Amino acid sequence: MSWCPGGNDLDQELFDAMTEFVTQLLQRGERLAERFNVPVSCMKAIRRLDAAVTMKDLGQRLHCDPSFVTMIADALEQRGLAKREANPADRRIKNLVLTPSGLEIKATIEQEMLEQMPWTQALDVDEREQFLRLVRKMNAALASTPAAEEVSTSTALPLSS
């Protein structure tokens, strides 16, 4: 079934190819997470932890609810990959910090992710630079256009009574 009935075949093919591309990247991430015995959400958090980070800041970096950050912190602590520490500026605030094991896994995950990225295997340097320009151009277009929910909400017709 076409996402744009009567639309442009090229746009449909691009949509399908990007869907397949993103799906395959997500599957690779899931397999990597399984290999390290961590949920994907924890792997994402590990990549966002560069130094001591408050739980609130981590939630903002991950774009998730504070209760989900607590679940991630619990899972990382149970695996010995991170620990909670009191924030030196305000002891009521907790920071999440990677342990030496967490730092080691972070480095390994990042290296393996880089090696698995299809552009490192399929594209030469000039093609990767061109691809980067195109991805940045599309990201800029996405950032300057309202999300689908915003469009549907702002253009919704009033219900008749």
Q: Provide a single number: the residues in the stretch 74-116 that are under 30 Å from residue 134 (Cβ atoms), at pLDDT 90 or above and hydrophobic (A, V, I, L, M, F, W, C).
A: 2
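Among the listed residues 43, 55, identify the single one that is surrounded by 15 or more Cβ atoms within 10 Å (Cβ to Cβ), in contact with a Ser or Thr (Cβ under 9 Å, 6 or more places away or on another chain) and among the hydrophobic types (A, V, I, L, M, F, W, C). Steps first, please.
Values: 43 fails: in contact with a Ser or Thr (Cβ under 9 Å, 6 or more places away or on another chain).
Exactly one residue qualifies, and that residue is 55.
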Q: Write out, first by first residue and then by second, each pair whose Cβ atoms fall under 6 Å of each other, whose residues are 6+ apart or on separate chains, and whose first residue, in the stretch 44-69, is touching a residue at least 40 places away in the same chain (Cβ under 8 Å) and more than 26 Å from residue 28 (Cα to Cα) while the second is in a helix (DSSP H, G or I) and of a type outside the set (Asp, Glu).
A: 55/69
Q: Check whether at least one residue in the stretch 84-96 is under 15 Å from the mean Cα position of the chain (by Cα) and not in a helix (DSSP H, G or I), and report yes or no.
A: no
Q | Single residue of the stretch 122-156 satisfying the filter (at pLDDT 90 or above and farther than 18 Å from residue 18 by Cβ) that is surrounded by the most Cβ atoms within 10 Å (Cβ to Cβ) | A | 129
Q. Touching a residue at least 12 places away in the same chain (Cβ under 8 Å), farther than 30 Å from residue 18 by Cβ, in contact with a helix residue (DSSP H, G or I) (Cβ under 7 Å, 6 or more places away or on another chain) and outside any loop (DSSP other than H, G, I, E, B): does that describe residue 106?
A. no
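The values are calculated or read from the model by the stated rules, or taken from the named source; none is laboratory data. What you see is a predicted model; the values in this text were computed from it and never measured. Ideal geometry is used to build each Cβ from the backbone, glycine not excepted, and the neighbour counts take in all protein chains shown.
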